[in-house]
Amino acid sequence: MKSIISICFVFITLGLSSQEITVEKIWKNYEYYGKSVQGFRSMNDGNYFSKISKMKAGTGVTKHRFDDYKGNGEVLIDPRWIESVNMDDYFFNSDETKVLISTNTKSIYRRSFSAIYYLLDLKTHKLQPLDEDHQPQTLAEYSPDGNKVSYIFENNLYVKDIASGEISQLTTDGKQNAVINGTTDWVYEEEFAITKAYGWSPDSKYIAYLRFDETEVKEYNMKFFHDLYPELYTFKYPKAGERNSIVCAHIMAVDGSMDKQLDLGEYEYIPRLKWSGTSNDLIVQTMNRHQNQLRYHLSCIDDGKIKTKMFYEETSDTYIDIDDNLLILKDGETILRTSEKDGYNHIYKLTFDGEITQITKGNWDVIEFLGIDDANKTIYYTSAYYGPLHQTIHKIKINGKGSKCISAENGSNDADFSNGMKYFILSHSDANTPAVHTLCDNNGKELSVLEDNADLKAKLDPMNLPKKEFIKFKGHEIELNGWMIKPKDFDPAKKYPVYINIYGGPGANTVGDRWEGMSYMYHQLLAQHGYIVVSVDPRGTMYRGADFKKMTYLQLGKLETEDFIAVAKELQTYEYVDGDRIGIMGWSYGGFMTSLAMTKGADYFKMGIAVAPVTNWRYYDNIYTERFMRTPEENESGYDDNSPINFVNKLKGNYLLIHGSGDDNVHYQNTMEIVNALVAADKQFDLFIYPNKNHGIYGGNTRSHLFNMMLKFTLENL
């Protein structure tokens, strides 16, 4: 009897141990990592799709029907054909007889990368390097006719003729930290979210591209610590108020007979260029430096001659966001775009003659275009129709009729459509449930399940984790959306410390009905240790209309800090909250807000963790900063009245600063400057620097170390 009891005790102990969350399980062993569908590509006919698949021989590509999915599809790329290379991604040519394979992909900044590309002939199975003499390349793609491949090497555009193997260098003046052709400089990549700054004309005879002259842009230097002497890395980074690259748009004939700069009038930025899919018509967007004037230009090629005209202009009292919500209809005379001109982000139809028609209307925001079915004149898009917590999938006729939601009305729903818009892969999750990836028809009817993350759910279900609950906070002047996770054995008669996780900046909400993976599990870990975890979206965040989002214009940090302080005050009134033990943590913009909360709101926050914080917007890049603040010369008080550096004398609580020394985005300089101010004010604080790590602070054991450190600091100081 004694031995049986002992065995039962061991089983119970092991069961409890397996359910206990640790940082190592999250960030070292990746035990809670969700699966997705890798390498999805719709085939030309719109009835089949391909995806990356694991096979006995290795990693390859398989082909499947949308309406009759079988797990084991037809093999398109046998692993044995490409066993000499480690495939990262693949891209078909126009008739799907050849494939461009990327290997050895290495990140440069957030979106940019280098890779070594190979060409694979699906008929002969012949595999050959794209260009052995110019490696690594980036942004390689087939021409529309499938006969050529374009790519960038060392800031210059190249084209390879597949049949002959002949390689042509189209531009010759590319040079690091001087001239860039066909790709973008650092600040365009980060703030306009583009790296590919070139494209083929539909007839494959021309390439449109952007040329950046960054000669006069000031340089930023970072040291990397690898060898006996640190390596100095220098790149161009225009801070607020400083000079930008001089950018111009060109159209070049691939045969070398023409390279013409487009006449676009006065502008500061060219954030987008896009060819029509049916004719040699190019649409180019330009903006002024304040980013409150957006113009659309049409460049047409006729008999080798280029005519350019401006056909649309929009202005704002604040700023205009740039996104990829631009669809060109096959009629060759109409485009679709989104605008906040009526107070919410909605879809508009524009003609090249300047006529404009609003298609969607209401007190809700369109989020993103998913595509258009030209034949049935139907637009597909995601929106916040059911509130800012939810992302849903909708379709509507171009005439504004027949609006329909084709996804669940709650949670997070996204779609990747087939050619012809007949089918899509639906990715659905909610705040407490990992994503399920299913095949659907264009009315949202489920056809089959591709990935249900059953293994992850089976791991989570017996843990009986406390649910993330959505709540409302009063805020300083307006009601705010928030969520809360309580400890598993929550007792309303007890007092609990509160850990507030924040971001708070334009363009990224932390409060949404979606699965947040590793972050969710770390917050559950904090709840496991007896903390109530809270997040809130202050004024200035997304999907509540333009007025709410743009309230913070010219004064980033002011209203958000007021809101976070108001939330802390409200939490102090909850009977189950220990009002003397409220902490706050944020990364990047969230680190900026954490630093303001710990200084301007020092009476309400006992502990703060600021990771990679902006500490004065004078140190950040000009496209982002000036969009919301204008230049320091124009708005001196806006920069200084909300810089935590200027309020360090108010600091009372336990404050931890964390930064990567190789952060190309929010420079390590931000942390060094606030350290100087803290020392001058005789304020004690904690500081940890990750050598060589960028803004994401990851790689190897780094994330595990980081979150263990933050957990330890929280346990000791909150």
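Quick notes on this one:
- Hey, Gly545 on the phi > 0 side of the Ramachandran plot, buried (at least 23 other Cβ atoms within 10 Å of the Cβ) and in contact (Cβ under 8 Å) with a residue 12 or more places away in the chain or not: no
- If you go through segment 428-447 and pick out every residue that is within 15 Å of Ser407 (Cα to Cα) and among the hydroxyl-bearing types (Ser, Thr, Tyr), you end up with 2.
- Selection count where residues are in contact with a strand residue (DSSP E or B) (Cβ under 6 Å, 6 or more places away or on another chain) and under 16 Å from Asp663 (Cβ atoms), scope segment 600-633: 3
- Within segment 197-228, considering residues that are of a type in the set (S, T, N, Q) and more than 30 Å from Asp145 (Cβ to Cβ), the one surrounded by the fewest Cβ atoms within 10 Å (Cβ to Cβ): Asn221
- Selection from segment 390-445 of residues that are acidic (Asp, Glu) and without any contact (Cβ under 8 Å) to a residue 60 or more places away in the chain: Glu409, Asp414
- Within segment 349-373, restricting attention to residues that are at pLDDT below 95 and part of a loop (DSSP other than H, G, I, E, B), the residue that is surrounded by the fewest Cβ atoms within 10 Å (Cβ to Cβ) is Asp353.
- Qualifying residue in segment 374-395 (condition: in the same structural domain as Asp537 (by TED's automatic domain parsing), in a strand (DSSP E or B) and in contact with a helix residue (DSSP H, G or I) (Cβ under 8 Å, 6 or more places away or on another chain)): no
Matching residues to (1) without any contact (Cβ under 8 Å) to a residue 40 or more places away in the chain; (2) out of contact with any Phe, Trp or Tyr (no Cβ under 8 Å at 6 or more places or on another chain); (3) more than 30 Å from Lys361 (Cβ to Cβ); (4) charged (D, E, K, R):
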| site | (1), (2), (3), (4) |
| --- | --- |
| Leu571 | no, yes, yes, no |
| Tyr576 | no, no, yes, no |
| Gly579 | yes, yes, yes, no |
| Ile582 | no, no, yes, no |
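- Residue check for Tyr574: over 26 Å from Ile697 (Cβ atoms), surrounded by fewer than 24 Cβ atoms within 10 Å (Cβ to Cβ), among the hydroxyl-bearing types (Ser, Thr, Tyr) and over 27 Å from the mean Cα position of the chain (by Cα): yes
Conditions tested, residue by residue: (1) surrounded by 17 or more Cβ atoms within 10 Å (Cβ to Cβ); (2) under 29 Å from Ile582 (Cα atoms); (3) touching a helix residue (DSSP H, G or I) at 6+ places or on another chain (Cβ under 8 Å); (4) assigned by TED's automatic domain parsing to the domain that holds Thr286.
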position: Asp621; (1), (2), (3), (4): yes, no, yes, no
position: Glu626; (1), (2), (3), (4): yes, no, no, no
position: Asn654; (1), (2), (3), (4): yes, yes, yes, no
position: Ala681; (1), (2), (3), (4): no, yes, yes, no
position: Leu687; (1), (2), (3), (4): no, yes, yes, no
position: Lys693; (1), (2), (3), (4): yes, no, yes, no
position: Tyr698; (1), (2), (3), (4): no, yes, no, no
position: Thr702; (1), (2), (3), (4): no, yes, no, no
position: His705; (1), (2), (3), (4): no, yes, no, no
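- Asp491 over 24 Å from His428 (Cα atoms) and not hydroxyl-bearing (Ser, Thr, Tyr): yes
Yes/no matrix, rows are residues, columns are (1) more than 30 Å from Glu446 (Cα to Cα); (2) within 27 Å of the chain's Cα centre (by Cα); (3) assigned to a loop (DSSP other than H, G, I, E, B):
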residue: Val37; (1), (2), (3): no, yes, yes
residue: Gly46; (1), (2), (3): no, no, yes
residue: Ser53; (1), (2), (3): no, yes, no
residue: Gly60; (1), (2), (3): no, no, no
residue: Phe91; (1), (2), (3): no, yes, no
residue: Glu96; (1), (2), (3): no, no, yes
residue: Ile101; (1), (2), (3): yes, yes, no
residue: Lys106; (1), (2), (3): yes, yes, no
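- Residues of segment 194-219 classified as closer than 26 Å to Lys305 by Cβ and assigned to a loop (DSSP other than H, G, I, E, B), total: 6
- Residue among Asn325, Asn280, Asn288 that alone is at pLDDT below 95 and within 30 Å of Tyr109 (Cα to Cα): Asn325
- Picking from residues in segment 665-679 that are out of contact with any helix residue (DSSP H, G or I) (no Cβ under 7 Å at 6 or more places or on another chain) and touching a residue at least 60 places away in the same chain (Cβ under 8 Å), the one that is farthest from Asn692 (Cα to Cα) is Val666.
- Helices (runs of 4 or more DSSP H) fully within segment 471-583 counting 2 or more residues that are modelled with pLDDT of 95 or more and either outside the structural domain of Gly608 (by TED's automatic domain parsing) or more than 29 Å from Asn413 (Cα to Cα) (or both): 558-572
- Considered as a group, the residues in segment 502-542 that are among the polar types (S, T, N, Q) and over 21 Å from the mean Cα position of the chain (by Cα) include one that is surrounded by the fewest Cβ atoms within 10 Å (Cβ to Cβ), and that residue is Gln528.
- Number of residues in segment 341-365 that are within 21 Å of Ile270 (Cβ to Cβ) and not aromatic (Phe, Trp, Tyr) equals 2.
- Some residue of segment 129-151 being in a strand (DSSP E or B), farther than 18 Å from Gly182 by Cβ and of a type outside the set (Lys, Arg): yes
- Members of segment 456-486 found to be buried (at least 20 other Cβ atoms within 10 Å of the Cβ) and at positive phi, listed by number: Gly475
- The combined condition, being crowded, with 24+ Cβ neighbours inside 10 Å and more than 28 Å from Leu706 (Cα to Cα), is not fulfilled by Gly583.
- Top-ranked residue of segment 152-191 - restricted to ones that are within 24 Å of the chain's Cα centre (by Cα) and either of a type in the set (Gly, Ala, Ser) or assigned to a helix (DSSP H, G or I) (or both), ranked as surrounded by the most Cβ atoms within 10 Å (Cβ to Cβ): Gly182
Here's the yes/no breakdown for (1) in contact with a helix residue (DSSP H, G or I) (Cβ under 8 Å, 6 or more places away or on another chain); (2) of a type outside the set (Phe, Trp, Tyr); (3) modelled with pLDDT of 95 or more:
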residue: Gly182; (1), (2), (3): no, yes, yes
residue: Phe192; (1), (2), (3): yes, no, yes
residue: Tyr198; (1), (2), (3): no, no, yes
residue: Ser201; (1), (2), (3): no, yes, yes
residue: Lys205; (1), (2), (3): no, yes, yes
residue: Lys223; (1), (2), (3): no, yes, yes
residue: Ala240; (1), (2), (3): yes, yes, yes
residue: Arg243; (1), (2), (3): no, yes, yes
residue: Tyr267; (1), (2), (3): no, no, yes
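- Members of segment 707-718 that are in contact with a helix residue (DSSP H, G or I) (Cβ under 9 Å, 6 or more places away or on another chain) and among the hydrophobic types (A, V, I, L, M, F, W, C): Phe707, Met710, Leu711
- Filtered residues of segment 396-424 (kept if assigned to a strand (DSSP E or B), in contact with a Gly (Cβ under 9 Å, 6 or more places away or on another chain) and surrounded by fewer than 17 Cβ atoms within 10 Å (Cβ to Cβ)): Lys404, Cys405
- Restricting attention to segment 62-89, the residues that are in a strand (DSSP E or B) and farther than 22 Å from Phe113 by Cβ total 7.
The values are calculated or read from the model by the stated rules, or taken from the named source; none is laboratory data. Since the structure is predicted, the reported quantities are computational estimates derived from the model, not experimental observations. Reconstructed Cβ throughout: ideal geometry from the backbone, glycine too, with neighbour counts over all protein chains shown.
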